[in-house]
1. Determine whether THR191 is among the polar types (S, T, N, Q) and buried (at least 21 other Cβ atoms within 10 Å of the Cβ).
2. Show me the strands (runs of 3 or more DSSP E) entirely contained within region 683-752 in which 2 or more residues are small (Gly, Ala, Ser) and under 26 Å from the mean Cα position of the chain (by Cα).
3. Are any of the residues in region 594-610 within 30 Å of GLU563 (Cα to Cα), within 33 Å of the chain's Cα centre (by Cα) and at pLDDT 95 or above?
4. Residues that are surrounded by fewer than 16 Cβ atoms within 10 Å (Cβ to Cβ): list the strands (runs of 3 or more DSSP E) wholly contained in region 456-554 that include at least 2 such residues.
5. Quick check on region 706-739: of everything there that is at negative phi and free of Cβ contacts under 8 Å to residues at least 40 places away in the same chain, which residue is surrounded by the fewest Cβ atoms within 10 Å (Cβ to Cβ)?
6. Would you say GLY459 is closer than 25 Å to ASP389 by Cα, at pLDDT below 95 and touching a Ser or Thr at 6+ places or on another chain (Cβ under 7 Å)?
7. Let me confirm something: among THR673, THR633, THR602, which residue is under 30 Å from GLN379 (Cα atoms), not assigned by TED's automatic domain parsing to the domain that holds PRO319 and not in a strand (DSSP E or B)?
8. Among the numbered conditions (1) under 19 Å from TYR361 (Cβ atoms); (2) modelled with pLDDT of 95 or more; (3) assigned by TED's automatic domain parsing to the domain that holds TRP414; (4) not charged (D, E, K, R), tell me where LEU541 comes up short.
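The values are calculated or read from the model by the stated rules, or taken from the named source; none is laboratory data. Computed from a predicted structure; not experimentally measured. Methodologically, a virtual Cβ is constructed for each residue, glycine included, from the backbone with ideal geometry; neighbour enumeration extends over all protein chains shown.
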Amino acid sequence: MHREKFTITADRATISEKFASYYGNVKSLLSGGNDLTGRRQACQENPFSSDGETHLTGFKKDTEELHLKPQRVDLCRSSNRTGHHTEEYEVPNLILRRGQQFDVTLEFQRDFVKENDVINLKFVTGSRPTQSHGSVVAASKVDILKDGQWGYEFSAVNGKSVTLRVCSASDAIVGRYELFIDTAHRSDKGTETWRHKHPDDIFVLFNPWQKDDAVFLSSEAERREFVMAETGRLWLGSVDKHFVRPWNFGQFEYVCLIAAISLLDRSELADQARSNPARVTRTICQAMNYTERDGGVVQAGWSGKYDDAEAPHAFTGSPAILEDFLKTRKGVKYGQCWSMAAVATTILRALGIPSRCVTCYRAVHDSDYSGPVNTHWSQELRPKTDVDDAIWNFHVWNEAWFRRPDLPDGYDGWQAIDPTPMECSEGVLTCGPAPVTAVLKGDLFLGFDTKYFFAELHGGRVHWQVDTDGNMEAFMGGRDVGAALSTKSVGTISRQDLTSSYKYEAGTKELEAVREKAAKMCNRKTPTLVKGSKTDVDFRLEGGVERSGDLQVTLHMRNVGTEGRVIDVYMGVLSTFYTGVTAVELKKLITSAVVEAQTDATSVIDLKCSEYIEQKETDSNLTSYVMAKVRETGQRFATVQSHCIDRPHLDIKTEGRAVQGQNFQVVVKISNTLSVPLTGGVLAVDGPGLSRTTGIKLRKPQIEPGEEIRETVTLTARRPGVKEIIAVFYSRQICNVTAVAEVDVVKDEKSL
C-alpha cells in the first residue's frame, strides 16, 4: 500500500515552550567547542526524529478514517507529580520518578476499539537515541503491570477516551525524555499506523521510594531529609569551636533541575550510564570544580581577596550559583569546599539521589596515606610554614546513598564523594564514590579514591626540626586527625556525629589493624622520632578566643624530675585560612623559663581583638604555633592549634502573614558582641521558593561594640508551605554570621 508522509503540527502552545529554547541554548553553549570529528560517527542531534522510518507519518485520504489519531494527550501532571513526590519542582513539566506507575489519558478522533486498535508509547532520551543503547524505550500493553518494568495497562476506556496506567523501569535512564505515541489499526485492508509526538518534555529521575531502584531508601524520615529537604546545615569552624552555616539547597527551584540535566548533557557520560547512580555522582562531582580544561560550576578560591567577584561567604544558597553558571557558562567565583559540597547536594537531590554534606574536622587534605603530614621548625624554634603540609581546620564533602552491585557484597549505603580534591583521579579532578564502609575497614584496594578519604582521617602529623644546612630531624607526633565528623540530624537542626561510621575508636585493636593494613597497601613510610636524653617536663597548651574576640593562650610546663630545667619557648599567633595555609604573623613571644624540680611555670601570649582584626582577611582565623626545648636534655615539644572567632549575634523574625505571590517583610537584628566596630556590613536574605535579596548594604556604616541595629527586608514567596528564611551577614572584620526563621506561606485565597 502506498503511503504518504507529512508532518504533524501541534495547534496549541506548550509549557515546554516556556523554557525549551532556554534549555537548548544552555545545552549547546555548555557542550560547544568540543570537536568530535573522527571520534564519533557523524549524526544529527536526534536521529529518532530524523527522516526515515521514525518520521511522523500519515496515509492516503481513502484510509484516513481508519487512523487512530490522538487529538488530546493529558499527562495528568498534577496527580502524577503528587504521586511521584515531584510537585514542588518549579519546572512545570511532568516529572516522574523511575520504576513507579503514572497515568496518561488519550483522546482520539474516533472510538477506540480494543480488538483492532494498538497503542505503543515510545520514550526517547539522549542526543543519539537508539533502542540498542536503551535510549529509545517502547512501553507496550502488558497483561499485568508491575512496578519497575516498562509497560502499560488500560485503566479506563470510554469511547474516544483511553486512560493508560504506565510504568517505567527501576533502572531507566535519568534525564529529559520525548514521548511518541504510536497507534495501529488492524483490518482486512491491512494495518494503518500513526505516530504522534507530544510537544512537552518529560523528566525522569531516580526514585528513593522504589525498592528496586539502586537509590532506594527505606525510611520515610530519611527520604524527607536527604531528598526533599530544601535547606540544611553545614558545620564549619574548628574541632574545638565549630559553628553552623545554614544553606538553601533549593533543589526544586527552576534553575536547579535545568542545571542538573545540563551538566549530564555536557558530560560525555553515555546514555545508559545515566541509569547508574555511581557513574552519575562521579560525573556531578567532577562538574562542580572549575578547571580551564574541563570547565565546571564553581571556581574555588581561598586567597581572602575576592574583589573581582562574590566572596564564598556572600552566597546563601545553591540556586544563585547555578543561575549564574547557566547564564555565563563559566565557573562562578568564588567557592570553597563547603559551598561546593552544598551545590553538589542540590544537584544530586534534584536528580533524586539521597545526599548530604559531611564535615571532617582536622582533615588531612591532598594525601594518599603514603606518608605523614609534616610541620617544620627552625633551630630558633620558629615555624617554617612555607614547607609545611596542611591540616585543614575542616573539610566538607558529600555522601550519596545507593547500592553498589559493581563491588563485592557489603558496600551498599552511603558513598563518599569530594567535589574539591586537589589531585586528579584517573586523569580528572574528581573523587569517589568511595563506600564509607570501605573507608572504615581500610579496604583501599576497591579504588574509587577510598585511600584519599582514608588519609583524610588517619594521616597524622609529625614535627621536624630543620638545621641551617637543611637537615631534618623528626622529634614528635601530633594530635590525632579526622575528628568529629558531622552532619545534620534527620528531622532536626542538631548535629549528628558520624565519626564511628568512618573510623574505629582510638586505642582499639580494630583501629590498629586497619591502619596496619592500609599502610601496607599504600607503602606508607613513617619516620623514627628522635627523643631527648630525658623527658621529665610535661607540657600542656590551653586557651582560646573569648566572646569579645580577644585571644589568650597559655603554655603550662611542669618539671616532674629531680633537677631544675631551663626551657626556651616560642609562642606565635598567625592568621590562617581554614585550609591551614598561614597568612600573617600577628604576634610572637620569645622567652625562657627556669623551672625547678617538681614545680610549674607558664608562658602566656595575649592578643586583643583590636590588635589583629584589621590585619587579617575577613575569612581567616587565628592559629597558635608553640615550640619549647629543654636546654639540658634536648627534650622538645611542639603544637599547632587553631582558634575560631565567635560570631556576632544575628536574629531574624517575620512581620505579619506570608501569602503566595505577595510581598511580606522580615526584620533582621544584628548585635555586635566583639570589642571592635564592624564596618562595611552587608546582609543577604534567601530561602527556597523566595525572592533572593543579596548585597544589602546596611544603612549605618559602622556598628559599635555592644550596639544593636535592625534592617527590614521585603521578600516574595513563589510557593506555599513552611519555608526557612536564611539571613547571612558579613563585614570587613567577620563573616558567616547567620540566622534562620520559619515562615508559613499560605495560598492567596483570591486565586483559589
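1. Details: among the polar types (S, T, N, Q): yes; buried (at least 21 other Cβ atoms within 10 Å of the Cβ): no.
No: the conditions fail for THR191.
2. 721-730, 737-746
3. No, region 594-610 contains no residue that is within 30 Å of GLU563 (Cα to Cα), within 33 Å of the chain's Cα centre (by Cα) and at pLDDT 95 or above.
4. 472-477, 495-497, 537-545
5. Per the criteria, the residue is VAL722.
6. yes
7. THR633
8. Evaluating LEU541 over (1) under 19 Å from TYR361 (Cβ atoms); (2) modelled with pLDDT of 95 or more; (3) assigned by TED's automatic domain parsing to the domain that holds TRP414; (4) not charged (D, E, K, R) leaves (3) as the failure.
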